[in-house]
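FYI, it's all coordinate maths here, none of it is from the lab. Quantities reported herein were computed from a predicted structural model and do not represent experimental measurements. Note that we place each Cβ from the backbone using ideal geometry, even for glycine, and neighbour counts take in every protein chain shown.
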Amino acid sequence: MKTLIRLAWEALFLKEESYAEMRDSPNAVLRGLALVALIAVAVALVGLVGTTLEWATTPDMRDVQKVVLEGIQQMDWYKELESNPEFREQVQRQFEIGWRIFPQVFGAPSFASAGLRIILLPLHLVLTWFLYGVVAHLFARMLGGQGNLGQTLGSTALAAAPQLLNLATFFPYLVVGGVAGTWMLLCRYVALKTCHRFRWGRALAATLLPYALLAMVVASFACLGGVVGALIFGGGTPQ
Amino acid sequence: MIRELFQLGRDALLFRHEAYVRHAAHADVLKRGLVLLVLVTLLGGVVSLVVDIVGDLRPTDIEAEIEQVEEGLQAFFQNMEAFGDLPPEFKKGFYQGFRAMRPGIEIGRRVAELTTPLPKPIGVILSNLGGFFSRPFSRLAGWIGYSLWVMLIAKLLGGRATISQMLGATALYATPHILDVLKPVPCLGGMLGLVATVWGIAIYVKALAVANEFSVGRAIAATVLPALVFLVLALMGLAGLLVFALALGGA
């Protein structure tokens, strides 16, 4: 455990030695898996503390909902149309639907989401680590890389280290933002460069190609979804 | 370590070449650069934090503030009219838009009056501290995001720095932002912010040149090119939108 924490800390600062140590470890995949899961659980637990403090300093959302609805009902446009019962009912319905979504979107503290993250975040991080590792390994081998799959997975597991920045969210209202994602990209570059003993150009290609592939897959699904949607809702029939 | 970092920051501000070389060659270049960036960002935000907390803890008279904004708008229109007559519909529309915001302000005021499990002042302090501690992360995101492109161009221009050296060295760009400590001072704060930005860009170029062991000319090219590319892409996007809008209008 102590070694894993040290490796993650050094990997965060892009120290190639830590990635090489992981690559040369006899059980790199298991250590990688343990590291990713450990970071994810720690981040989710710490996030729960931050959420609790945010909840303790935020009014009850049911009271906020009441105030907002009353405020809307005091607006001129509402008063002009409130004699119509259908309109009143529709506003009430739309407002309730919106209230299920918007508070979460605008960062209202939610114990349910914070609690769920303890399960979902490790799953998400482990899955993305594994998928990225496998795809990056395929590209790395195509580009002449020398590492095996276990070494690639071990090294790229260290790229989860920037998630440690999210430990700062134990502090309420603190926003880490996109820095962890960008930093992970840098770590993945160093991981693949070290693991496969690449020069910078090939390491960069091996790092970015999985992202390009993902973008292509998403775009293809979006196009496919669009076509299917057009066929279903547009009333057309396939030729 | 803090004393060493203070020395490094001072030397970076004074463009002392030896300090840049020593820093770029240091085994912990990235760690040192990051710690300096975080410390400077936090120190630069201390006064703003205190001002914001005091401002938020003070009871506010919403009506007086709305009146103040309306007076400000009137003064603005008077100043504008010194350069030419404004169409009455424009002024009317502006005031109507402003008054339309009033119910929203009222909702905000009532929400602010709702009770919370912990006393209100604790919430005010915690939310301001949260914003304060978020500042280094937002600076890190902007700096790393832009530096990725700079690194790519520096490599293409023959740069020799490793990724840690490049990031660790260019992190020094944040040092002049210690001037942000005077940000809340009206007028002076904004001017010093501009000075810090220009000074920071100059440090960035110098650090890039030293870390990559290439000329300042190449460092300037590597620093500026990503911004130029983004600008050209943005202009192309705007032109595309304009053509699309014109085509739609024509149709």
B:Val47 versus B:Arg110: modelled label distance in nm, points set 7 Å from Cα along the beta carbon direction
4.0
Let me see the pair-distance distribution of the range A:156-239: every alpha carbon pair, 10 Å bin width, integer percents in order.
16, 27, 22, 19, 14, 3
Across the protein assembly as shown, qualifying lysine pairs (alpha carbons under 18 Å, at least 8 places apart or different chains) come out at 6
What is the ratio of the Cα radius of gyration of the protein assembly as shown to 2.2 N^0.38 Å, with N the residue count, to two decimals?
1.17
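Could you tell me whether the range B:78-187 comes out rounded, prolate or oblate from its Cα gyration tensor? Rule is a ≥ b ≥ c as square roots of the eigenvalues, rounded for a/c under 1.5, then prolate if a/b exceeds b/c, otherwise oblate. Before the final figure, lay out each step's value.
On the way: a/c = 2.90, a/b = 1.52, b/c = 1.91.
Oblate.
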Between A:Leu116, A:Leu14, A:Leu224, which gets the highest mean-square fluctuation from a Gaussian network model of chain A, Cα cutoff 10 Å?
A:Leu224
C-alpha long axis of helix B:216-250 to longest principal axis of chain B, angle in °:
40
At a threshold of 8 angstrom on Cα-Cα distance, excluding pairs fewer than six apart, so keeping six or more, what relative contact order does chain B reach in percent?
32
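Across peptide B:140-147, what mean number of C-beta atoms from other chains lies inside 10 Å of a residue's C-beta?
Details: counts 8, 9, 4, 2, 8, 5, 0, 2.
Mean shielding by partner chains, rounded to a whole number: 5.
All other residues with a Cβ under 10 Å from the Cβ of B:Thr162 taken together, and with Lys, Arg as +1 and Asp, Glu as -1, what is their net charge? Mind showing how you got there, number by number?
Values: positive: A:Lys193, B:Arg160; negative: A:Glu16.
Charge balance near B:Thr162 sits at +1.
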Starting at the first residue of the range B:44-50, write each ³J(HN,Hα) from the Karplus equation 6.51 cos²θ - 1.76 cosθ + 1.60 with θ = phi - 60°, in whole Hz, x for Gly and Pro.
x, x, 4, 5, 4, 4, 4
Can you tell me which of A:Glu86, A:Glu16, A:Glu96 moves the most in a GNM of chain A? Springs connect C-alpha atoms under 10 Å apart.
A:Glu86
I'd like the Karplus ³J(HN,Hα) series for the range A:207-215: coefficients 6.51, -1.76, 1.60, θ = phi - 60°, whole numbers in Hz, and an x wherever there's a Gly or Pro.
6, 8, 4, x, 5, 4, 5, 4, 4
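Can you give the mean number of other chain Cβ atoms that lie within 10 Å of the Cβ atoms in peptide A:61-73? Let's see the in-between values first.
Values: counts 1, 0, 4, 4, 0, 2, 9, 5, 1, 3, 9, 3, 1.
For this peptide, the per-residue mean of nearby foreign Cβ atoms is 3.
Give me the net charge of B:Ala24's neighbourhood, meaning all other residues with Cβ under 14 Å from the Cβ of B:Ala24; Lys, Arg count +1, Asp, Glu -1. Show your work: numbers first, answer last.
Working: positive: B:Arg16, B:Arg22, B:Lys31, B:Arg32, B:Arg160, B:Lys206; negative: B:Asp11, B:Glu18, B:Asp28, B:Glu213.
Charge balance near B:Ala24 sits at +2.
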For helix B:120-156, report the angle its Cα long axis makes with the longest principal axis of the Cα atoms of chain B; keep it between 0 and 90° and round to the nearest 10°.
50
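Residues with beta-carbon under 10 Å from that of A:Thr152, excluding A:Thr152: net charge, scoring Lys, Arg +1 and Asp, Glu -1?
Details: positive: A:Arg23, A:Arg141; negative: none.
Cβ neighbours under 10 Å give a net charge of +2.
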Any idea what the dipole of chain B comes to, in debye rounded to 20, about its Cα centre with Lys/Arg Cβ at +1 and Asp/Glu Cβ at -1?
1100
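Which of the peptides A:187-198, A:119-130 is most tightly packed, and how do the rest follow, going by the mean number of other Cβ atoms within 10 Å of each residue?
Values: A:187-198: 25.2, A:119-130: 15.8.
Highest-to-lowest ranking by the protection proxy: A:187-198, A:119-130.
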In what sequence, highest mean first, do A:1-11, B:74-84, B:96-106 appear when ranked by Cβ atoms within 10 angstrom?
A:1-11, B:96-106, B:74-84
What residue among B:Pro136, B:Pro226, B:Pro59 shows peak mean-square fluctuation when chain B is described by a Gaussian network model with Cα springs under 10 Å?
B:Pro59
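Mind giving me the FRET efficiency for B:Phe83 and B:Leu13? R0 is 45 Å, r the Cβ-Cβ distance, nearest 0.05 is fine. Intermediate values should be presented prior to the final figure.
Working: r = 41 Å, r/R0 = 0.92.
According to the calculation, E is roughly 0.60.
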Taking each residue in B:96-104, count the Cβ atoms of any other chain within 10 Å of its Cβ, then average. What number comes out?
2
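Work out the FRET efficiency for A:Leu123 and A:Glu96 from their Cβ-Cβ distance, taking R0 = 25 Å, and round it to the nearest 0.05. Spell out each step's value before the answer.
On the way: r = 31 Å, r/R0 = 1.24.
It comes out at approximately 0.20.
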Mean 1/r over all different Cα pairs, inverted: what Kirkwood radius does chain B give, in Å?
22.2
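Determine the calculated [θ] at 222 nm for the protein assembly as shown from helices alone, applying -39500 (n - 2.57) to every DSSP H run no shorter than 4 residues and normalising by the residue count; nearest 500 deg cm²/dmol.
Numbers: 20 runs with 380 residues, N = 490.
That calculation yields -26500 deg cm²/dmol at 222 nm.
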Inter-label distance, nm, simple model (7 Å from Cα along the C-beta direction), A:Ala219/B:Val21
4.7
Each residue of the range A:75-85 in order: what ³J(HN,Hα) in whole Hz does its phi give by Karplus 6.51 cos²θ - 1.76 cosθ + 1.60, θ = phi - 60°, with x for Gly and Pro?
6, 4, 4, 6, 4, 5, 10, 5, 5, 7, x
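Please work out the FRET efficiency for the pair A:Ala212 and B:Phe230, using the Cβ-Cβ distance as r and a Förster radius of 25 Å; give the result to the nearest 0.05. Each step should come with its number before you reach the end.
Working: r = 20 Å, r/R0 = 0.79.
So the FRET efficiency works out to roughly 0.80.
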Simple SL model, points at 7 angstrom along Cα→Cβ for A:Gln65 and A:Arg141; separation in nm is 5.3
